[in-house]
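One structure coming up, written as structure tokens, with questions to follow.
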Amino acid sequence: MIKKYVFGKPFPTQATIKEIEACTDKLPYFETNGEGVFTLPLRENDIVYGLGEQVRGINKKGWHYVSWNYDNPNHQEDTRSLYGSHNFLLISGKAKFGVFFDYAGKTEFDIGYTHRNLLTVKAAKNDLAVYIITGNSEKEIVKQFRELIGKSYVPPLWAFGYGQSRWGYRSEQDIREVAAKCKAAGIPLDSIYLDIDYMERYKDFTVDKERFPHLKALTAEMKEQGIHLVPIIDAGVKIEDGYEVYEEGVKNNYFCKNEQGGDFVGAVWPGRVHFPDFLNPMARKWFGGKYAVLTELGIDGFWNDMNEPAIFYTEDRLAETCDKIGKLDLNSMGIYEYFGFTGMVAGLNGNEGDYYKFYHNVDGKKVNHAEVHNLYGMNMTRAAFEALQEISPDKRTLFFSRASYIGAHRYGGIWQGDNKSWWSHLLQAMQQLPALNMAGFLFVGSDTGGFGADATEDIMLRWLQYAVFTPLFRNHSADGTRRQEPYVFDNCAACAEMIKIRYCLIPYIYSEFLKAVHNDEMMFKPLAFDFADDDMAKRVEDQLLVGNELMIAPVYQQNAVGRYVYLPEEMMLVRMKSYDSTSTEILPKGHHYIDVALDELVFFIRKDKAIPFARPAENTEKADMDALTMLGYSDSVYTLYSDDGISPDTENALAVKEIK
Ligand code: MIG
């Protein structure tokens with residue numbers, strides 16, 4: 001059952017798709033002070049799931065999290081805000097219920113941080129809707145919540161193939177080289193990503209004429225090899241006379257405004273920019289229409305970046321800062337003044353105060369950005385999604401975004417933002433998956449191998465062994481870091497084998513993904529969701545159920561030669577060094593130490609279940625999704641969900657059959 005409670009005058013976030021009448025009775029479970037603060041006592045062993053893209057474990061108890069979409073490529077355990085805001089919690093204690101704080105401004109979640117057994121949620125203003133969802137099990141609660149927020153986005157099937165990306169592919173030649181090297185190394189490939197380098201001076205919807213003179217021809221040439229080019233689009237629009245997007249935006253008042261009513265100025269990669277007012281439907285339509293510039297070149301996938309929005313600095317704060325610096329006296333500068341000075345400069349990037357200084361036009365009403373901050377990225381992807389339904393009505397377009405709010409899952413997937421080639425970030429990526437699924441984000445994945453910092457061969461292999469199970473499977477890295485395409489490593493062959501196995505797993509992954517979409521379920525579940533009476537399963541933070549048949553227990557520690565795994569029931573251990581050398585072994589319920597060689601994929605098939613397994617292929621276009629063998633317990637039946645991988649009407653495209 002879902003009940004809605006309204007406080008003050010909530011902004012219509014569009015997170016939910018069902019109209020529910022607000023209750024007039026008192027909000028259950030929580031105490032509230034009427035000023036946006038809600039408290040709930042917890043017991044020592046209660047588990048708090050949820051919050052989507054956030055730091056720390058699957059059980060969120062023990063930290064203070066803040067929903068405030070934020071660009072933080074250096075995040076660690078003590079970080080409070082990441083790229084997305086997903087205010088859904090699932091409390092699993094004496095009372096079991098889900099709660100969604102539908103509020104688009106800053107929202108704090110003190111989950112046993114100030115007081116070990118107290119949950120305090122604080123919305124910046126008491127203008128929000130709170131939904132309470134009750135049910136008999138975690139899965140039932142999540143399902144109801146997902147029905148409330150609407151069906152998740154389904155990308156084209158090719159988006160499930162391997163994607164090679166890097167910030168720093170600077171020319172058509174660079175792109176051809178990636179394709180050729182993957183091919184030579186036997187690495188299957190479905191997509192190559194274009195980062196900001198393809199644009200002319202980082203201007204959205206332009207293509208650099210010198211470095212990418214024939215993008216249309218290149219796109220066609222790559223398609224012939226089964227490879228899709230996926231360009232990035234940034235939120236900020238460069239201020240430059242003669243640049244059409246800029247000029248149209250100014251003329252039609254499609255940009256966010258400053259206090260005085262002028263177009264607000266921030267700076268990101270293009271230099272000084274204006275930010276499209278994605279909360280204004282007219283501006284959305286206009287910006288979305290621009291994607292046609294690229295679809296006309298044959299492009300059929302996009303990633304939307306910098307849409308928290310990230311702001312390196314604002315014109316006003318920079319002027320103020322320079323002014324203060326100009327007044328510093330070098331000879332008398334004390335150490336505290338020195339730190340004041342460095343702090344001022346460091347504080348320019350992503351300064352929270354800047355987000356209070358611009359405004360949106362929502363149906364003629366001026367709305368301060370801070371109040372709707374977490375909706376900005378969602379509405380950028382919505383702009384693109386809705387426009388593409390008109391521009392390319394006959395097929396699905398790939399979209400994923402960096403910033404998001406619940407509701408964005410209907411318009412695209414997300415990648416989990418800038419991570420690092422750190423072992424802790426490999427674990428972090430996995431721990432976010434169940435919470436992202438609860439919030440509707442099913443097409444998700446992390447930058448495989450890590451975005452920032454230098455990747456080593458071992459972390460790449462371990463990351464691949466995890467990421468072969470995530471819907472979005474993209475190797476991406478930052479400019480200036482060491483190259484990390486599989487072919488740069490000595491043991492490229494082992495990387496290639498892992499990626500080939502991914503293609504064998506696609507029928508299963510795609511099927512479980514479609515099940516999760518069509519049945520409003522989670523694809524990645526904590527063990528306790530299926531083994532509710534198992535107290536040990538409740539404490540497992542580094543294994544996940546993938547669909548209904550598999551369990552994964554990735555190795556995420558440097559130099560580990562294996563790991564402890566908890567089996568909540570008898571399972572079949574599967575080992576693969578390549579798709580055609582598989583060994584299996586039945587293990588009883590309980591704790592096991594499992595050896596996992598660096599070049600070996602290990603996963604588990606649940607008792608009396610089996611999964612479909614395909615032959616590897618160069619890309620999804622060449623894959624034979626019907627030539628399946630079964631892997632797992634003999635005589636088991638698997639319900640296969642599939643479709644043609646491209647029809648936008650996913651409901652009608654769906655085919656369900658039982659296979660043995
Ligand atoms: O400030 O476009 O998260 O994937 O490679 C960095 C360059 C801007 C951040 C994205 C990352 C991308 C990078 N971008």
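Which one, Ser392, Ala220, Tyr359, is farthest towards the positive end of the dipole of the chain when Lys and Arg carry +1 and Asp and Glu -1 on their Cβ?
Tyr359
Let me ask something else. Sort 599-610, 623-634 for me by packing, meaning the mean count of neighbouring Cβ atoms within 10 Å per residue, highest on top.
By packing density, highest mean first, the sequence is 599-610, 623-634.
Subtracting the Cα-Cα distance from 0.36 nm times the residue separation, let me have the gained length for Ala292 to Ala346 in nm, one decimal.
The Ala292-Ala346 span can extend by a further 15.7 nm.
Between Glu390 and Asp624, what is 0.36 nm times their sequence separation minus the Cα-Cα distance? Round to one decimal in nm.
So the extension gain works out to 81.2 nm.
Toward the positive end of the charge dipole of the chain, about the Cα centre and with charges on Cβ (Lys, Arg +1; Asp, Glu -1), which of Val66, Ala614, Ile187 goes farthest?
Positive-end residue among those listed: Val66.
Enumerate the calculated ³J(HN,Hα) couplings along segment 397-413 in order (Karplus 6.51 cos²θ - 1.76 cosθ + 1.60, θ = phi - 60°), each rounded to whole Hz, writing x wherever the residue is Gly or Pro.
Here the 3J(HN,Hα) series is 10, 7, 9, 8, 10, 8, 7, 7, 9, 4, x, 5, 5, 7, 10, x, x Hz.
Tell me, in nm to one decimal, what length is gained between Arg43 and Lys324 on full extension, where the rule is 0.36 nm per residue of separation less the Cα-Cα distance?
96.1 nm
Residue-wise, which Karplus ³J(HN,Hα) couplings in Hz belong to segment 353-363, taking 6.51 cos²θ - 1.76 cosθ + 1.60, θ = phi - 60°, and x for glycine or proline?
Here the 3J(HN,Hα) series is x, 5, 6, 8, 9, 9, 9, 10, 10, 10, 6 Hz.
Right, another one. If r is the Cβ-Cβ distance from Tyr29 to Glu147 and R0 is 25 Å, what FRET efficiency results, to the nearest 0.05?
0.75
For segment 51-201, what is the percent of antiparallel DSSP beta bridges, rounded to the nearest 5?
90
How do Leu640, Leu118, Leu42 line up, fewest other C-beta atoms within 10 Å first?
Ascending number of Cβ neighbours within 10 Å: Leu118, Leu42, Leu640.
Quick check on packing: order 582-592, 166-176 by the mean number of other C-beta atoms within 10 Å, highest mean leading.
Ranked from most to least packed, the peptides come out as 166-176, 582-592.
What does the highest-first list of 7-13, 107-113, 345-351 look like by mean Cβ count within 10 Å?
Order by mean packing, descending: 107-113, 7-13, 345-351.
While we're on this one: Taking a ≥ b ≥ c as the square roots of the Cα gyration tensor eigenvalues, with a/c under 1.5 meaning rounded and otherwise prolate when a/b beats b/c, else oblate, which class fits segment 546-598?
oblate
I'd like the antiparallel share, as a percent to the nearest 5, of DSSP beta bridges with both residues in the chain.
75
Let me ask you something else. Using bins 10 angstrom wide from zero, how does P(r) for segment 476-560 break down, in % of all Cα pairs?
Using 10 Å bins, I get a P(r) of 15, 30, 33, 19, 3 for segment 476-560.
Per q in 0.05 Å⁻¹, report the Debye log10 I(q)/I(0) for the chain, using one uniform scatterer on each alpha carbon and no solvent.
-0.22
Report the normalised scattering of segment 43-170 as log10 I(q)/I(0) at q = 0.14, 0.18 Å⁻¹, calculated by the Debye formula with identical scatterers on the alpha carbons.
Taking Cα atoms of segment 43-170 as identical point scatterers yields -0.72, -1.07.
Same structure again: Could you check the simple spin-label distance between Thr114 and Glu337, using points 7 Å along Cα→Cβ, in nm with one decimal?
3.8
Report, by chain and number, residues whose modeled amide H sits under 5 Å from the one on Gly562, excluding near sequence neighbours (fewer than 5 apart, same chain).
For Gly562, whose amide H was placed from the backbone, the distant partners under 5 Å are Val596.
For segment 277-371, divide the Cα radius of gyration by the Kirkwood radius and give the resulting Rg/Rh value with two decimals.
My calculation of the ratio gives 1.17.
Apply the Kirkwood formula to segment 540-660: the hydrodynamic radius equals the inverse of the mean of 1/r over all pairs of different alpha-carbon atoms; give it in Å with one decimal.
Answer for segment 540-660: a Kirkwood hydrodynamic radius of 16.1 Å.
For segment 190-290, report the % of Cα-Cα distances exceeding 19 Å.
Result: 48 percent of Cα pairs exceed 19 Å.
Counting other C-beta atoms within 10 Å, which of Trp415, Trp463 has the fewest, and how do the rest follow?
The order, fewest Cβ neighbours first, is Trp415, Trp463.
To the nearest 20 Debye, how big is the dipole of segment 50-173 about its Cα centre, given +1 on the beta carbon of each Lys and Arg and -1 on that of each Asp and Glu?
That gives segment 50-173 a dipole magnitude of about 280 debye.
Ok, one more. Under 24 Å from the Cα of Lys251, which lysines turn up, not counting those fewer than eight places away in the same chain?
Within the straight-line cut-off, Lys251 pairs with Lys203, Lys238, Lys285, Lys290, Lys357, Lys365, Lys366.
Report the label-to-label distance for Tyr564 and Lys209 in nanometres (one decimal), using points 7 Å from each Cα along the Cα→Cβ vector.
Placing both labels 7 Å beyond Cα along the Cβ direction yields 6.5 nm.
Shifting gears a bit: Which FRET efficiency value, to the nearest 0.05, do you get for Lys366 and Glu247 by plugging their Cβ-Cβ distance into 1/(1 + (r/R0)^6) with R0 = 35 Å?
It comes out at approximately 0.90.
Ok, one more. Efficiency by 1/(1 + (r/R0)^6): what FRET value for Asp533 and Glu585, r their Cβ-Cβ distance, R0 = 35 Å, to the nearest 0.05?
In this case the efficiency is close to 0.85.
Can you work out ³J(HN,Hα) from phi for every residue in segment 82-88, in order, using Karplus 6.51 cos²θ - 1.76 cosθ + 1.60 and θ = phi - 60°, giving whole Hz and x for Gly and Pro?
10, 6, x, 10, 9, 7, 9
Bear in mind that the values in this text are calculations on the coordinates, not laboratory data. The structure presented is a predicted model; accordingly, all values stated were derived computationally and were not measured. Virtual Cβ from ideal backbone geometry, glycine too; neighbours counted across all protein chains shown.
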